[in-house]
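The block underneath contains the structure these notes are about, expressed in structure tokens.
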Amino acid sequence: SQQGEEDPQALSIQEGENATMNCSYKTSINNLQWYRQNSGRGLVHLILIRSNEREKHSGRLRVTLDTSKKSSSLLITASRAADTASYFCATDISTDKLIFGTGTRLQVFP
Amino acid sequence: DSGVTQTPKHLITATGQRVTLRCSPRSGDLSVYWYQQSLDQGLQFLIQYYNGEERAKGNILERFSAQQFPDLHSELNLSSLELGDSALYFCASSTRQGSSGYTFGSGTRLTVV
């Protein structure tokens with residue numbers, strides 16, 4: 001079973017707009033990570049936020065974590081066509097494995 | 001190039017056959033993880049090895065097995081293959097406990113016909 005669920009399942013926006021993806025999970029975590037996957041390719045690690053952190057930034061990415069609601073969000077600002085990909089949240093609950101969510105498919109139109 | 005090497009990239013085989021997927025982790029990483037990605041099941045964790053020892057098991061079928069060798073490369077063996085085993089199989093590696101994220105290989109696409 002999936003630990004995390006992303007919302008929305010799919011998102012289409014124009015270049016320059018912001019994209020927000022949400023992730024909800026079920027159990028306590030050590031950290032939460034976001035990954036990107038271009039079609040049929042390997043996943044790329046984007047950002048990690050620890051359970052005692054509330055917000056983290058990396059370039060155009062902003063991640064928030066609310067452990068009381070067991071949820072996280074990923075914001076991509078000023079999106080580009082090259083941001084088109086699937087985005088997954090992954091929860092580290094035991095340090096031995098990451099459990100991935102269902103993913104959000106982001107399409108950015110030029 | 002992520003530093004994690006998976007071979008082969010593509011594999012087409014018949015039902016009932018056995019295949020071996022190979023993974024070389026990023027230099028310095030001791031942990032290797034195997035994941036299966038299919039359209040209906042998403043990304044499923046299969047198994048983890050740390051420095052040659054099995055550390056965690058996920059939704060890995062009994063027909064599947066894996067090992068990590070002294071040089072830290074890992075192999076995933078899939079036997080008695082069924083149509084439903086068709087999927088992308090990813091290997092990832094990390095530092096000791098993955099606290100800085102995983103590095104994924106580009107995957108092996110397995111098609112069972």
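Search the range B:1-17 for residues that are more than 28 Å from B:GLY28 (Cα to Cα) and pair each with any residue that is open to solvent by 40 Å² or more (accessible area, probe 1.4 Å) and part of a loop (DSSP other than H, G, I, E, B) when their beta-carbon atoms are under 8 Å apart and the residues are at least 6 apart or on different chains.
Hits for this filter: B:ILE12/B:VAL113; B:THR13/B:VAL113; B:ALA14/B:VAL113; B:THR15/B:GLU82; B:THR15/B:VAL113; B:GLY16/B:SER80.
All but one of (1) within 14 Å of chain A (Cβ to nearest Cβ); (2) farther than 17 Å from A:GLY42 by Cα; (3) buried (at least 19 other Cβ atoms within 10 Å of the Cβ) hold for B:PHE90; which doesn't?
Status for B:PHE90: all satisfied but (2).
Say we look at the range B:1-24 and pick out the residues that are within 13 Å of chain A (Cβ to nearest Cβ) and in a loop (DSSP other than H, G, I, E, B); which of these is most open to solvent (accessible area, probe 1.4 Å)?
As a first pass, look at the range B:1-24 and keep what is within 13 Å of chain A (Cβ to nearest Cβ): B:1-6, B:9-10, B:23.
Adding the requirement that they be in a loop (DSSP other than H, G, I, E, B) leaves B:1-4, B:9.
Details: B:ASP1: 182, B:SER2: 53, B:GLY3: 30, B:VAL4: 8, B:LYS9: 122 Å².
Ranking the qualifying residues of the range B:1-24, first place goes to B:ASP1.
Name the one entry in B:ASP71, B:ASP40 that is open to solvent by 70 Å² or more (accessible area, probe 1.4 Å), free of Cβ contacts under 8 Å to residues at least 40 places away in the same chain, closer than 24 Å to A:SER86 by Cβ and out of contact with any Pro (no Cβ under 8 Å at 6 or more places or on another chain).
On the way: B:ASP71 fails: closer than 24 Å to A:SER86 by Cβ.
When all the criteria are applied, what remains is B:ASP40.
Name the one entry in A:THR77, A:THR84, A:THR20, A:THR91 that is closer than 21 Å to B:SER38 by Cβ and either crowded, with 16+ Cβ neighbours inside 10 Å or modelled with pLDDT of 95 or more (or both). Don't jump to the end; show me each part of the working.
Working: A:THR77 fails: closer than 21 Å to B:SER38 by Cβ; A:THR84 fails: closer than 21 Å to B:SER38 by Cβ; A:THR20 fails: closer than 21 Å to B:SER38 by Cβ.
None of the other options fit; the residue is A:THR91.
For the range B:25-37, what are the residues that are open to solvent by less than 70 Å² (accessible area, probe 1.4 Å) and more than 9 Å from the chain's Cα centre (by Cα)?
As a first pass, look at the range B:25-37 and keep what is open to solvent by less than 70 Å² (accessible area, probe 1.4 Å): B:25, B:28-37.
Those that are open to solvent by less than 70 Å² (accessible area, probe 1.4 Å) and more than 9 Å from the chain's Cα centre (by Cα): B:PRO25, B:GLY28, B:ASP29, B:LEU30, B:SER31, B:GLN37.
Are there any pairs, at least 6 apart or on different chains, whose C-beta atoms fall under 6 Å, with the first in the range A:92-110 and farther than 15 Å from B:ILE47 by Cα and the second open to solvent by less than 30 Å² (accessible area, probe 1.4 Å) and of a type in the set (Gly, Ala, Ser), and if so, which?
A:GLY101/A:GLY4; A:THR102/B:GLY42; A:GLY103/A:SER86; A:ARG105/A:SER86; A:LEU106/A:ALA19; A:VAL108/A:SER79
Any residue that is part of a loop (DSSP other than H, G, I, E, B), modelled with pLDDT of 95 or more and within 26 Å of B:GLY28 (Cα to Cα) - is there at least one of those in the range B:72-82? Show your work before the answer.
Taking the range B:72-82 as the starting set, the residues that turn out to be part of a loop (DSSP other than H, G, I, E, B) are B:72-73, B:79-82.
So of that shortlist, the ones also modelled with pLDDT of 95 or more come out as B:72-73, B:79-82.
Subsequent filtering for residues that are within 26 Å of B:GLY28 (Cα to Cα) retains B:72-73.
Checked against the condition, which is being part of a loop (DSSP other than H, G, I, E, B), modelled with pLDDT of 95 or more and within 26 Å of B:GLY28 (Cα to Cα), the range B:72-82 yields at least one hit.
For residues in the range A:24-49 being β-branched (Val, Ile, Thr) and either under 15 Å from A:THR67 (Cβ atoms) or open to solvent by less than 60 Å² (accessible area, probe 1.4 Å) (or both), which is nearest to the other protein chains (Cβ to nearest Cβ)? Full working, then the answer.
Narrowing the range A:24-49 to residues β-branched (Val, Ile, Thr): A:27, A:29, A:44, A:47, A:49.
Filter once more, keeping what is either under 15 Å from A:THR67 (Cβ atoms) or open to solvent by less than 60 Å² (accessible area, probe 1.4 Å) (or both): A:27, A:29, A:47, A:49.
Values: A:THR27: 14, A:ILE29: 12, A:ILE47: 8, A:ILE49: 11 Å.
Among those that are β-branched (Val, Ile, Thr) and either under 15 Å from A:THR67 (Cβ atoms) or open to solvent by less than 60 Å² (accessible area, probe 1.4 Å) (or both), it is A:ILE47.
The values are calculated or read from the model by the stated rules, or taken from the named source; none is laboratory data. Keep in mind that this is a model prediction, so the values were computed, not measured. Neighbour counts are summed over all protein chains in view; Cβ atoms, including those assigned to glycine, are modelled from backbone coordinates with ideal geometry. Only protein heavy atoms, including side chains, enter the accessible area calculation; ligands, DNA and RNA are left aside. Shrake-Rupley method; radii C 1.70, N 1.55, O 1.52, S 1.80 Å.
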